[in-house]
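Input: a single structure, listed below in structure tokens.
Derivation of every value follows stated rules applied to the coordinates shown; laboratory data play no part. None of the values given here were measured: they were computed from a predicted structure. All Cβ positions, glycine included, derive from the backbone under ideal geometry; neighbour counts span all protein chains shown.
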Amino acid sequence: MIQRYEEIIEADGDVIVREHKYGRYVLFTDHEAEVKRLRGALRRFLAAYKPCTHETVHRGGAIWTICEDCGKQWADDEGGFKPYVEPEWISEARKLVRQ
Ligand SMILES: [Zn+2]
């Protein structure tokens, strides 16, 4: 949903943001509006972030495991195949978006 911030009003030193949403206005403090904007940007980033999870691999040569989706290769003598593990910062970002 595209959010349009229609108006900014100064009231007792606080900045109030008026957002037009589903045909009515919702008021936020400037800080709440900023958090909403950041969370929206993070949500869009996570939706576009599609790392290869190396679901389909095959063996190549004598020592290689090769991902069929991204082409990454793991050598047995260097520890072999390592399954995808979601980075901690992505897990943290997902938690922040859900709050
Ligand atoms: Zn892959």
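Side notes on the structure shown:
- Residue ID - farthest from the ligand (Cβ to nearest atom), chosen from residues in the stretch 38-61 that are more than 11 Å from the chain's Cα centre (by Cα) and touching a residue at least 12 places away in the same chain (Cβ under 8 Å): Gly60
- Residues of the stretch 62-78 that are within 16 Å of the ligand (Cβ to nearest atom) and out of contact with any Lys or Arg (no Cβ under 9 Å at 6 or more places or on another chain): Trp64, Cys67, Glu68, Asp69, Cys70, Gly71, Lys72, Gln73, Ala75.
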